[in-house]
Amino acid sequence: MPPLGDDQLHAALVALPGWDVVEGMLVKAFTFDEGFIRGIRFVDAVAEAAEAADHHPDIDIRWTTVTIRLVTHSEGGITEMDLALAGVCDRLAAG
């Protein structure tokens, strides 16, 4: 799965509010007003989805904020696989 071109990536970001490209990775910070435990539950759910997809994000936990970073290292950039997992993260954060 080849990395997305700039035009493809910018078009895809329209459907992924809050996500941005930082240092070649797709990045979003999720803040959980419900507290630390809600953030940890989100991380658990993301971990399950990532394992099922065999595609693992970088995850940073800071109190009530969880930052997800996605890139397909084997392809050297952001791919459709990253966009798909970003959408899953958004759905998990909402529900």
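The values are calculated or read from the model by the stated rules, or taken from the named source; none is laboratory data. No experiment lies behind these values; they were computed from the predicted model shown. Don't worry about glycine lacking a Cβ; one is built from the backbone with ideal geometry, like all the others, and counts go over all protein chains shown. When the accessible area is computed, the model is the full protein with side chains, heavy atoms only, and any ligands, DNA or RNA have been set aside. Shrake-Rupley method; radii C 1.70, N 1.55, O 1.52, S 1.80 Å.
For segment 37-44, does any single residue satisfy the condition of being more than 12 Å from the chain's Cα centre (by Cα) and within 23 Å of His10 (Cβ to Cβ)?
No: segment 37-44 contains no residue that is more than 12 Å from the chain's Cα centre (by Cα) and within 23 Å of His10 (Cβ to Cβ).
Among the residues of segment 28-47, write down those that are open to solvent by less than 70 Å² (accessible area, probe 1.4 Å) and not hydrophobic (A, V, I, L, M, F, W, C).
Lys28, Gly35, Arg38, Gly39
Name every residue in segment 20-46 that is under 11 Å from Thr64 (Cα atoms) and acidic (Asp, Glu), in order of residue number.
Asp33, Glu34
Step by step: first the residues of segment 70-83, then only those that are at pLDDT 95 or above and of a type in the set (Asp, Glu), then the one that is least open to solvent (accessible area, probe 1.4 Å). Which residue is that?
The residue in question is Asp82.
Six or more apart or on different chains, Cβ atoms under 8 Å: show the pairs whose first residue is in segment 4-29 and assigned to a loop (DSSP other than H, G, I, E, B) and whose second is of a type in the set (Ser, Thr, Tyr).
Leu4/Thr79
Condition check ((1) touching a residue at least 60 places away in the same chain (Cβ under 8 Å); (2) open to solvent by 20 Å² or more (accessible area, probe 1.4 Å); (3) in contact with a Pro (Cβ under 9 Å, 6 or more places away or on another chain); (4) closer than 15 Å to Val27 by Cβ) across all residues:
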position: Ala49; (1), (2), (3), (4): no, yes, no, no
position: Ala53; (1), (2), (3), (4): no, yes, no, no
position: Ile61; (1), (2), (3), (4): no, yes, no, yes
position: Ile68; (1), (2), (3), (4): no, no, yes, yes
position: Leu85; (1), (2), (3), (4): no, no, yes, yes
position: Asp90; (1), (2), (3), (4): yes, yes, yes, yes
position: Gly95; (1), (2), (3), (4): no, yes, no, no
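Being part of a helix (DSSP H, G or I) and among the charged types (D, E, K, R) is the filter here, so list the residues in segment 69-95 that pass it.
Hits for segment 69-95 are Glu75, Glu80, Asp82, Asp90, Arg91.
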